[in-house]
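These notes concern the structure reproduced below.
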Amino acid sequence: MKILVIGGGGREHAIIRKLKENPQVTEIFALPGNGGISYDAQCLSGSATDLDAIVSYAKEKAVDFAVVAPDDPLVLGAADRLREAGFPTFGPSAAAAAIEGSKVFSKNLMKKYNIPTADYGVFEDPADAMEYIKQQGKYPVVVKADGLALGKGVIIAQSEAEAEDALKSIMEDKVFGASGNRVVVEEFLTGPEVTVLSFTDSKTLVPMVSSMDHKRALDGDEGLNTGGMGVIAPNPCYTPEIAEECMKTIFLPTIEAMKQEGRPFKGCLYFGLMLTPDGPRVIEYNCRFGDPETQAILPLLETDLLTVFQAVEEERLSEVPVTFRKGASCCLVLASGGYPQAYEKGLPITGLVNGNLDGVQVYHAGTKRADDQILTNGGRVLGVTALADTLEEAIAKAYAAAENIHFDKMHFRKDIGQKALALTAGK
């Protein structure tokens, strides 16, 4: 089988490595891929959002199956275009991808179908939004751009002045472009955060192992928000009892709601949850695998990934037993100095052996390949993932592996998983 994978980050590298485990897979093409992916797949030049190029590559390479991994092409309708051209595809339709593409849509969906989430208001005018915030009189308050913003369109304002600044930067200065034409203003929820990715064919939903992301750039959850500096799985806060409650009150009602709306969701549905004192609440939905959560979760998957993808596309997921290995994983992100703000590119990386280290997976996120030398080419450069029987061992293994890798101004958090270990110790 020949597979086309759309995207070029760490998530896509993890998907490609997993697909390669299937002996039927003879060739994988990545559009656009990256330096590390080029060792595992044939990289195609172009952009992941160029839908015409995606379809024409699928035809030219005569692929048997396509995987659309990032949010942008999904929201634009890449999966629809591939299916229309006759290619079985893993990834939701544009109509279903609106669950991430518009926060206004997803909040209204939750309200309509009584799916637990934070109280909110939707605004097109910054003055109206500010009036609502003043009326609520509660800080911190959460201000979200409606559309896609590379995972960074959320500002937590601690005061009235900060709320005014947030509305100005999103709605007037348009720091996230047209994504900020509307905003959602939300109550601030407290409690441990949990991510649960799930496979769904619109009828059956199979949750994957839960995880805990670390969004802030610096130790102790300080510094700016990033796309994610590291992940551990499973999340110790996510007990079997909570999992059962989420299935009943959030997961199944969401896929049912999407069906009722005429937008059946087939693909990977991501639930960003907050375990509040009043029970689990949805913070956000994503219409695809998370990044870097995927790099921690897919290595734990025992079932063949392509088999699952095909079952999702053919709406027979209930026939496939999806299992994960016992134990834990830790993905540590090695980032460029300065990320998530300005950083240098093109710095040589040493200590990599064709992207693999002894018993540890190294996924490439922001790299390029020049004359068989791997260079930095993004903010998040590498994801070092280690599996072990215990979380403590997985964390130690990931950090030990990272010691071998070097590039100028390399930055990573030193405390990935420590909060989870403290929670486990406290039980």
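A single member of 255, 250 is touching a Ser or Thr at 6+ places or on another chain (Cβ under 7 Å) and under 30 Å from residue 77 (Cβ atoms), and it is 255. Of all residues in the range 224-262, those being open to solvent by 30 Å² or more (accessible area, probe 1.4 Å) and outside any helix (DSSP H, G or I) number 7. Residue 219 fulfils the conditions (1) at pLDDT 95 or above; (2) closer than 30 Å to residue 323 by Cα except for a single criterion, (2). Take residue 358 and decide whether it is modelled with pLDDT of 95 or more, among the acidic types (Asp, Glu), over 18 Å from residue 411 (Cα atoms) and surrounded by fewer than 21 Cβ atoms within 10 Å (Cβ to Cβ). Spelling it out, it is not the case that residue 358 is modelled with pLDDT of 95 or more, among the acidic types (Asp, Glu), over 18 Å from residue 411 (Cα atoms) and surrounded by fewer than 21 Cβ atoms within 10 Å (Cβ to Cβ). Residues that are in contact (Cβ under 8 Å) with a residue 24 or more places away in the chain, touching a Pro at 6+ places or on another chain (Cβ under 8 Å) and more than 19 Å from residue 272 (Cα to Cα) do not occur anywhere in the range 145-155. Among the residues of the range 44-58, none qualifies, meaning not one is out of contact with any Pro (no Cβ under 8 Å at 6 or more places or on another chain), under 20 Å from residue 263 (Cα atoms) and touching a residue at least 12 places away in the same chain (Cβ under 8 Å).
Restricting 97, 66 to residues that are more than 19 Å from residue 183 (Cα to Cα), touching a helix residue (DSSP H, G or I) at 6+ places or on another chain (Cβ under 7 Å) and either at pLDDT 95 or above or surrounded by 15 or more Cβ atoms within 10 Å (Cβ to Cβ) (or both) narrows the list to 66.
Cβ separations smaller than 6 Å between residues 6+ apart or across chains give the following pairs from the range 108-127 residues that are more than 11 Å from residue 253 (Cβ to Cβ) to residues that are open to solvent by 60 Å² or more (accessible area, probe 1.4 Å) and basic (Lys, Arg): 124/182. Exactly one residue out of 58, 78 is open to solvent by less than 50 Å² (accessible area, probe 1.4 Å) and within 24 Å of residue 177 (Cα to Cα): that is 78. Restricted to the range 156-188, and to residues there that are in a loop (DSSP other than H, G, I, E, B) and not charged (D, E, K, R), the residue that is farthest from residue 278 (Cα to Cα) is 175. State yes or no: is residue 15 crowded, with 17+ Cβ neighbours inside 10 Å, under 23 Å from residue 345 (Cβ atoms), under 17 Å from the mean Cα position of the chain (by Cα) and at pLDDT 95 or above? No.
Counting residues in the range 110-117 that are open to solvent by 10 Å² or more (accessible area, probe 1.4 Å) and either under 30 Å from residue 370 (Cβ atoms) or within 20 Å of the chain's Cα centre (by Cα) (or both) gives one or more. Inspect the range 203-212 for any residue being surrounded by fewer than 16 Cβ atoms within 10 Å (Cβ to Cβ), in contact with a strand residue (DSSP E or B) (Cβ under 6 Å, 6 or more places away or on another chain) and part of a loop (DSSP other than H, G, I, E, B) and give the result as yes or no. Among the residues of the range 203-212, not one is surrounded by fewer than 16 Cβ atoms within 10 Å (Cβ to Cβ), in contact with a strand residue (DSSP E or B) (Cβ under 6 Å, 6 or more places away or on another chain) and part of a loop (DSSP other than H, G, I, E, B), which makes the answer no.
For residues in the range 399-425 being over 19 Å from residue 228 (Cα atoms) and among the acidic types (Asp, Glu), which is surrounded by the fewest Cβ atoms within 10 Å (Cβ to Cβ)? My answer is 403.
Restricting the range 362-398 to residues that are polar (S, T, N, Q) and surrounded by fewer than 20 Cβ atoms within 10 Å (Cβ to Cβ), the residue that is farthest from residue 219 (Cα to Cα) is 373.
Of the residues making up the range 169-192, those that are of a type in the set (Gly, Ala, Ser), surrounded by fewer than 19 Cβ atoms within 10 Å (Cβ to Cβ) and either on the phi < 0 side of the Ramachandran plot or without any contact (Cβ under 8 Å) to a residue 40 or more places away in the chain (or both) number 3.
Restricting the range 1-43 to residues that are assigned to a helix (DSSP H, G or I) and out of contact with any Pro (no Cβ under 9 Å at 6 or more places or on another chain) leaves a set whose member that is farthest from residue 381 (Cα to Cα) is 19.
The values are calculated or read from the model by the stated rules, or taken from the named source; none is laboratory data. What you see is a predicted model, and the numbers here were worked out from it, not measured in a lab. Reconstructed Cβ throughout: ideal geometry from the backbone, glycine too, with neighbour counts over all protein chains shown. Surface accessibility is based on the protein's heavy atoms, side chains included, excluding ligands, DNA and RNA. Shrake-Rupley method; radii C 1.70, N 1.55, O 1.52, S 1.80 Å.
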